[in-house]
Every structure is written in C-alpha cells, then in structure tokens.
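**Student:** Have a look at this one.
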Amino acid sequence: MPPRELAQLLLENMEKADWLERVEIAGPGFVNFFLRAGYNQSVVEQILQLQEQYGCSEIGRGQKILLEFVSANPTGPLHVGHGRGAAYGATLANLLKATGHDVQCEYYVNDAGRQMDILATSVWLRYLDLAGEKIQFPSNAYKGDYIWDIAATLHREHGEDYRIDAAQVFANVHADAPNGDKEKHIDDLIDNAKQLLGSEKYRFVFDLALNTLVDVIRKDLSAFVVEYDVWFSERQLTEQGLVEQAIERLQQNGHVYEQDGALWFRSTAFGDEKDRVVQRDNGQTTYFASDIAYHMNKFDRGFDHLINIWGADHHGYIARVKAALTALKYPADELEILLVQFANLYENGEQVAMSTRSGEFVPLRTLREDVGNDAARFFYVMRRADQHMDFDLSLARAQSSDNPVYYVQYAHARICSVERQCVEQSISIDLDGIDLQKLDNKHEQAVLKQLMVFPERVNRSAQRREPHIIINYLRELAQHFHSWYNAHKFIVDDPALCNARVALALATRQVLKNGLTLMGVSAPEKM
RNA sequence: GUCCCCGUGGCACAACUGGAUAGCGCGGCUCCCUCCUAAGGAGCAGGUUAGAGGUUCGAACCCUCUCGGGGACGCCA
C-alpha cells in the first residue's frame, strides 16, 4: 500500500484527543499532528513541579546493570587517554540512573600480573638508590617521578630494612637493552627481588606501590566527579581460586586442550578467530583467564546486564570473552562492550605530541587544572564515543562564547540574574497562576518545544549510550533561550506577561541544570 | 595479508537508526548595547554527504566495488 493511502487510512481510524487541533497528511506520507493552542505551554508547570525529576523515567526499572569503566592498570597516574572513558562512563551511569536502571559502577584493579611486579621492582630499585646503592636503572622499568616518591616513603619510614647489596640484586641477570633483552633483564630482577626480600617483604613493597597508586587514581577520578561503588581486585579473584575454577569449568566441558605445555581454550568453536591460551607453559594463568573468571563473577553476583567500556584497541578481546561466556553457558548477549576511541589533543591548531613509548602522556590532572572540570567533562562527551575526536585545548580553555560549555552555562547564569532582578524590583513570581497563553511569540514557542522533548532525549541518550545527544540538546536549548532573551524583555509592565515569561525562563533554567548535572557539569548562578 | 571502524561546506561535528528543503559551532563578510550579563543576538556566503553502481515510493544511513584515513591481529597486561 502506498504510504499516502496508508496515512489516510490511519487518519480515518484515529480517535480524537482533546490535545489535538488537527491532523494532516503531508509530503510522501507523513502524518502531522497539530497540538491544540496552549497545550505545550503546560510543560512549564510540569517542569516547575517536577524540578530535578523532570527528564527522569522508569524505562530501566528492574534492570540491574554493572558498569565497568576506566580500569587502567595502577602503574601510574591517569592520563588524558583515560579521561574520555572516565567522563563517558560517569555520564552514562548518570543517564542510566536517571532512566530508572539500577547501576553499580566498578573499577577493575589489575593488581596481579607482571606489570605490577615491574612496578614493585621499580620502586624497590629507586629505594636502593636512595639507600646509597649504585643502581643501573632498567630501561623497561617505570621511570615516573611518582616512583621516586613511593621509594622515598619506603626509605623514610623503614630506613635500611629493605636494603640489599646491589651486586646481589644484579647477580645472574640477563643484560639490559640495547645489547641485551630488556624483558629478560627485568624479569630476572623481579625474581631476584622476590628471592632476596622474601615473600613477606616483597609483598610489602608491592602493596605499598599498589595502594599508593590506586589511591592516586581514586583521587584523580574523584576530583573529576567520577565516583565508583566498587573497586574490584584482580588478585582477590586469583586468591579465591576463581581463576582456577574458571579454567576447570572450561576443562570439564571439554573446551580446553593442551599444546606445547600450555592450556588452550578452544574459542574458535564459539566464533573467535583463533584459540587462546589460558595457562602458560610456566604454569601462570593469563590475563585472559582472569577476565573469564571476572566476567563469570559479575554474572554470579546477580547482574542482569553488564556494560564494559573499553579502549578501542581492545576490540580484539570482545570475541574471546564472549566465547568463554558462551562456552560456560552464561548469557554472552548481556555483556555489552562499548568501545571508546582515543582523543587527540590539539593546541592552537597543532596536535599535542603523545606517545606510549616515551611516556609523554599528558596527565588527566594537568588537563583538569588547565581547562577546568566542566570543560573537560563536557568536551569529552561532546562527540560520539566510538569515533575519534579532536580535543581542542585552546577552545576548552577559552572563557568566551566560542566555548560551548560557557555558552550553555551562561544561559543558566543569565536566568539566575533575571531572578535576582525580580527580587530587587520586588516582583513576585506566582508559579501557580501562570497565564501560559501569553507565551505566544515564535521564540517562546521554540523554547517550549525544546523543553518538551527533554525526557525523550534523555531516554534516547541512555538507551543508545550516547551522551552527546544531551550535549547537543543543551546547546540547542541555550541557543533558543539566548535568541528569545535578546528579542524580548522578560521583566515588563504587564504583570501577567511578566509572570509567564519569568516562569518560562525558570523552567528553562531547571532543564539546563538537569541536563548539565547529567553531564557532570556545574550550573553556575553567576559568570 | 585477514578482520573491524570511519570518510558530511575551509576546520571540527550533528542528523531522533530509511523520511520532508542535510543542521550547529568555529573561521570569513554585514549589522545590533541610553535595554533583565555583548561569555549574547540578527543576517550573508559556503554541500553532487570521498567516488561509481545497486536495493525502493524515498538513501548521508542498507548491499557491492574503488580510493583515502585509523585500529586490531602475542604463551603482553
């Protein structure tokens, strides 16, 4: 049936609603609904009544979601690369909560594994240096200033307790790069450290480094208005035997085979490109094995749905994790993995050079101090997360209309100013007796229409996991408001008109604030 | 080499997932403060949605190919 005919049919069979003025068919078959005059004005009363609840919904009621994001290795402070995932995750959590989901935010702490051993050894070597030993620092060790800080703490509080003769430390160690193998070099040093210090002392250094850095990360995130409910320890997973259990279960189901001394999970049977090692020939379980155990554990804790926010470079891991869950009869479809692309920093039109190799990542803290929390949070989620973005530092820093954050915040501040003016001029606003019919010019209609669609935008933003929808919404709302503000005075002689306009302005302010709050951005009363 | 993502005015991005005349911001050019914050507003110029086919009432969006950019392909974490 041609669209226009179908539209006609719909129209003929439609019930009349009191909010409906008329219905028309247009273009190739669109059905246009015309609202009764005055209908959309009622949104003002609705907003002023619901306040911070306006925009919230219950579409996610009953769904328990575990949202895991950032989960960077605690081997150093967070850098700007982590910032996007942090901002995106925190914002998504806000959106999901606003739409009625039961959300738990979790940070997976990779506190086990070789990287952490390298970290502990790095700290210990710096400590030995401070204690007076002559140390040739390994090329593959962590070199940041924070390593010195931790070492200094160890030295200050425990003096010579952890001192060992450098000759012993470097005994029977493979040569370092460039002539030797830097990986073997550091691994040998780790072995020596464990042996010379003994497990108890080694663990102490290890935990000191770990706890210090987790604390640094926690504070970094907290200052960025990113809060977690649970910090989940990978080591705990191993120590509770869950990793072993996971491998055993795979074995019992016949999904594991041995080859070249290692244990392999036959992930190809579940759509992966190649099989994956879960236990190395030296007996150590792999990171992947921990991941399997971790995801089983998430489901075992009773969550209906899991969301992981990963860097786009982890794309290849999706198939294998889902394969493992499928093999173990877990609902792999309920594991949703959102990939976040990297953000390139630009300064005055030039890309800020960054590389993992040289460790020249700009710390997240530096960015925060530079452009401020609001701009950083806003900019990070301004673009779709799954696409590359250019982060313009100069623009984010700019305290001008060019800066979209200020543009939106300014609208909020302006309305606060209007309210102050009312108080100053002893004009009382009667929110119960608003003559909404007064709001009839095109600017006011535009604002009203925009206010009305906020709840549906919040829902869409949450369902599609796309916070930028709200960012765009706020920019549009601010735009309509500024335009209106410039065209008409709110505080006018006609009391009914004045009352209606200020009420609309206050409703606008409420929605701006609700939206900004969802984005983790402040809504200033003065600028 | 295999696989994944992307390509929209000079720049950076939207487009309610297949709908009406493809929008917004920067940048460029004009204008607007005896007036509630000019951190604002009004307007002009700028597009064959990388290119070529196809699917249908209709395509930036779906399919195929070409070109161009990015990423992933370890007994690393």
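**Student:** Where residues in the stretch A:414-431 are in contact (Cβ under 8 Å) with a residue 40 or more places away in the chain and assigned to a loop (DSSP other than H, G, I, E, B), which of them is nearest to residue A:53 (Cα to Cα)?
**Tutor:** By that ranking, first place goes to A:431.
**Student:** State whether the residues of the stretch A:346-363 include one that is open to solvent by less than 30 Å² (accessible area, probe 1.4 Å) and either in a loop (DSSP other than H, G, I, E, B) or in contact with an Asp or Glu (Cβ under 9 Å, 6 or more places away or on another chain) (or both).
**Tutor:** Looking through the stretch A:346-363, none of the residues is open to solvent by less than 30 Å² (accessible area, probe 1.4 Å) and either in a loop (DSSP other than H, G, I, E, B) or in contact with an Asp or Glu (Cβ under 9 Å, 6 or more places away or on another chain) (or both).
**Student:** What pairs come up if the first residue lies in the stretch A:115-135 and is closer than 16 Å to residue A:185 by Cβ, the second is open to solvent by less than 10 Å² (accessible area, probe 1.4 Å) and of a type in the set (Phe, Trp, Tyr), and their beta carbons are under 7 Å apart, counting only those six or more places apart or on different chains?
**Tutor:** none
**Student:** Based on what the data block shows, is residue A:434 part of a loop (DSSP other than H, G, I, E, B) and either more than 8 Å from RNA strand B (Cβ to nearest atom) or under 20 Å from residue A:79 (Cβ atoms) (or both)?
**Tutor:** Considered against the rule, which asks whether it is part of a loop (DSSP other than H, G, I, E, B) and either more than 8 Å from RNA strand B (Cβ to nearest atom) or under 20 Å from residue A:79 (Cβ atoms) (or both), residue A:434 comes out as yes.
**Student:** In the stretch A:240-334, which helices (runs of 4 or more DSSP H) lie fully inside it and hold 2 or more residues that are out of contact with any strand residue (DSSP E or B) (no Cβ under 8 Å at 6 or more places or on another chain) and surrounded by fewer than 13 Cβ atoms within 10 Å (Cβ to Cβ)?
**Tutor:** The qualifying helices (runs of 4 or more DSSP H) are A:242-252.
**Student:** Would you mind finding the one in A:177, A:120, A:209, A:112 that is buried (at least 19 other Cβ atoms within 10 Å of the Cβ), part of a loop (DSSP other than H, G, I, E, B) and within 16 Å of RNA strand B (Cβ to nearest atom)?
**Tutor:** A:112
**Student:** For the condition open to solvent by less than 50 Å² (accessible area, probe 1.4 Å) and not hydroxyl-bearing (Ser, Thr, Tyr), what is the one hit in A:510, A:463, A:479, A:445?
**Tutor:** After ruling out the rest, the residue left standing is A:510.
**Student:** Same structure again: When you look at residue A:101, is it away from RNA strand B (no atom under 16 Å from the Cβ) and within 28 Å of the chain's Cα centre (by Cα), yes or no?
**Tutor:** yes
**Student:** Of these, A:441, A:486, A:499, A:472, which one is closer than 19 Å to residue A:46 by Cβ and not aromatic (Phe, Trp, Tyr)?
**Tutor:** Matching residue, one of A:441, A:486, A:499, A:472: A:499.
**Student:** Looking at the stretch A:97-105, is at least one residue part of a strand (DSSP E or B) and open to solvent by less than 10 Å² (accessible area, probe 1.4 Å)?
**Tutor:** The answer is yes; a qualifying residue exists.
**Student:** Additional query: Would you please name the residue that is farthest from residue A:76 (Cα to Cα), looking only at residues in the stretch A:126-174 that are of a type in the set (A, V, I, L, M, F, W, C) and assigned to a loop (DSSP other than H, G, I, E, B)?
**Tutor:** Result: A:171.
**Student:** Tell me, which residue of the stretch A:14-36 that is loosely packed, with under 11 Cβ neighbours inside 10 Å and within 9 Å of RNA strand B (Cβ to nearest atom) is farthest from residue A:452 (Cα to Cα)?
**Tutor:** My answer is A:28.
**Student:** How many residues does the stretch A:123-164 contain that are small (Gly, Ala, Ser) and surrounded by fewer than 16 Cβ atoms within 10 Å (Cβ to Cβ)?
**Tutor:** Residues meeting the conditions: 5.
**Student:** Quickly run through the stretch A:380-394 and pick out the residues that are within 10 Å of RNA strand B (Cβ to nearest atom) and crowded, with 18+ Cβ neighbours inside 10 Å.
**Tutor:** The answer is A:382, A:383, A:385, A:389, A:391, A:392.
**Student:** Also: Whether any residue in the stretch A:496-507 is open to solvent by 30 Å² or more (accessible area, probe 1.4 Å) and either of a type in the set (A, V, I, L, M, F, W, C) or closer than 30 Å to residue A:305 by Cα (or both) is what I want to check.
**Tutor:** yes
**Student:** Report whether or not residue A:65 is open to solvent by 50 Å² or more (accessible area, probe 1.4 Å) and within 22 Å of residue A:307 (Cα to Cα).
**Tutor:** So residue A:65 does not fit the description; no.
**Student:** Here are the criteria: (1) open to solvent by less than 10 Å² (accessible area, probe 1.4 Å); (2) small (Gly, Ala, Ser); (3) touching a strand residue (DSSP E or B) at 6+ places or on another chain (Cβ under 8 Å). Tell me which single one residue A:71 does not satisfy.
**Tutor:** (1)
**Student:** Also, I was wondering about something else. Hey, any hits in the stretch A:226-237 for a residue that's open to solvent by 50 Å² or more (accessible area, probe 1.4 Å) and within 15 Å of RNA strand B (Cβ to nearest atom)?
**Tutor:** Scanning the stretch A:226-237, I find at least one residue that is open to solvent by 50 Å² or more (accessible area, probe 1.4 Å) and within 15 Å of RNA strand B (Cβ to nearest atom), so the answer is yes.
**Student:** Considering only the stretch A:215-224, I want to know if a residue exists there that is part of a helix (DSSP H, G or I) and closer than 21 Å to residue A:127 by Cα.
**Tutor:** yes
**Student:** Still on this structure, please answer the following. Just checking, which of A:46, A:8 is under 22 Å from residue A:446 (Cα atoms) and assigned to a helix (DSSP H, G or I)?
**Tutor:** A:46
The values are calculated or read from the model by the stated rules, or taken from the named source; none is laboratory data. For clarity, every value in this text was computed on a predicted model and none was experimentally measured. Positions of Cβ are backbone-derived with ideal geometry, glycine not excepted, and every protein chain shown enters the neighbour counts. The accessibility values were calculated without ligands, DNA or RNA, using every heavy atom of the protein model including side chains. Shrake-Rupley method; radii C 1.70, N 1.55, O 1.52, S 1.80 Å.
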